[in-house]
Amino acid sequence: MLAYILRRLWQMLPTMAGVVLLVFILFNWIGGDPAYLLAGKMSDAADIENIRRQLGTDQPMHVQLWIFVKQILTVDFGNAWSTGEPVSTIIASRLGPSLTVLIPLTVLDTTIGIALALAVAFVRGSLTDRAVMLACTVGMSVSILVYIIAFQYGLAYKLGLFPVQGWGSAPGENLLRYAALPVLIGLAVSIAPTLRLYRSFVLDEVQQDYVRTARAKGLPERRIMWVHVLRNAAIPIITHVMANLPALLIGAFLLERFFGIPGIGREVILAVERSDFPVIKAITVYVAAATMVFNLLADLLYKAVDPRVQLA
């Protein structure tokens, strides 16, 4: 197992190098001269040259690339252009609020999705199955903005069950008070596609020979579904969850923006609006690294779920 982990980590290096090179090219060659953005419209040539010297953009490209690589290795991307705050501090402070929403949402979405998928697959082909699939199709056709506005207006503004927006300093208060409605909205948006996907995973396993063998042996249908089928369907489910985690971290920007949650997604939008390249570059690199790490964790979870899986 240790040899496999070390081999996978070694294989990540070329991929990470490609990501670093791509990000460098996009921001340094295609993104334009940041000195003009920072200097403003009323600047002169001397001001622009001074900013280039401070940023190091007056150096040759290979020197700038080495500076970028050193920033990644030292986890120090300098200061944000818009606020002057260290980028590492910004990301560290924004990660907590994002995880406060992301972790409960992922756990609830996965747990409820698996339970409903098994239940629907148990009555596959019935009127209940068709009604649930129709409801999922309708739910998937509604924009997340509609969910946000409807839930925020109805549950928060009219009924007063949740705060309309805000964020506190106590983790417990944030989880139970401020993150509750965003998690509920995120669950309403994600549960329909999750249920449809997990149902397909379960139905694929139901058609396998081992299920027919288990039925021939007289095992109860509930045991077949919840033990045998679930264990084999867990592999693509784990793949789906792990592949979506980094995307969810950034993709929750609408929830964070509407509810005033100071998370990573909201920070990305603010950085784009301000053309704050150091923040955008840092988050891009971190998300790429997180994606590769989660893929490795998914492989390790495969082995934990089913010891017969061979890690190559």
Long-range amide H partners of N79 with built H, under 5 Å: V87
The chain: relative contact order as a whole-number percent, Cα under 8 Å and 6+ apart: 24 percent
L95-L73 pseudo-label distance in nm [points 7 Å out on the Cα-to-Cβ vector]: 2.1 nm
Peptides 54-67, 228-241 ordered by average Cβ neighbours within 10 Å, highest first: 228-241, 54-67
Degrees separating the helix 277-305 axis from the principal Cα axis of the chain, which is the longest one: 30 degrees
Q208 paired with V227, simple spin-label distance in nm, labels 7 Å along Cα-to-beta-carbon: 1.6 nm
Solvent-accessible ranking of D47, D299, largest area first, probe 1.4 Å: D47, D299
Structure-based [θ]222 nm, the chain - -39500 (n - 2.57) summed over DSSP H runs of at least 4, per residue, nearest 500: -23000 deg cm²/dmol
Computed Rg/Rh of segment 60-134, alpha carbon atoms with Kirkwood Rh: 1.39
Gaussian network model of the chain, Cα within-10 Å springs - most flexible of E49, E205, E256: E49
Relative contact order of segment 94-208, pairs being alpha-carbon contacts under 8 Å that are 6 or more residues apart, as %: 45 percent
Check: segment 157-312 dipole with +1 on Lys, Arg Cβ and -1 on Asp, Glu Cβ, in debye: 500 debye
Added length on full extension, which subtracts the Cα-Cα distance from 0.36 nm per residue, A290 to A216: 22.2 nm
Where segment 84-198 is the region considered: accessible area per residue in Å², 1.4 Å probe: 50 Å²
Three-way shape call for the chain based on the alpha-carbon gyration tensor, with the a/c threshold at 1.5: oblate
Helix 230-251 axis, angle to the chain major axis (alpha carbon atoms, nearest 10°): 30 degrees
Spacing of the two label points (7 Å from each Cα toward its C-beta) at L175 and R257, in nm: 2.9 nm
Most fluctuating residue given options S275, S88, S169, as computed from a GNM of the chain linking Cα atoms under 10 Å: S169
P(r), alpha carbons of segment 4-161 - 5 Å bins starting at zero, rounded %: 1, 6, 8, 11, 12, 11, 10, 10, 10, 9, 6, 4, 2, 1, 0, 0
Mean separation of Cα contacts under 8 Å, 6 or more apart, over the residue count of segment 33-160: relative contact order %: 8 percent
FRET efficiency, 1/(1 + (r/R0)^6) with R0 45 Å, evaluated for A46 and V123 via beta carbons: 0.05
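The values are calculated or read from the model by the stated rules, or taken from the named source; none is laboratory data. Keep in mind it's a predicted model, so treat the numbers as computed, not measured. Glycine gets a Cβ as well: all are built from the backbone with ideal geometry, and neighbour counts include every protein chain shown. Quick note on the areas: whole protein, heavy atoms, side chains included, nothing else; ligands and nucleic acids left out. Shrake-Rupley method; radii C 1.70, N 1.55, O 1.52, S 1.80 Å.
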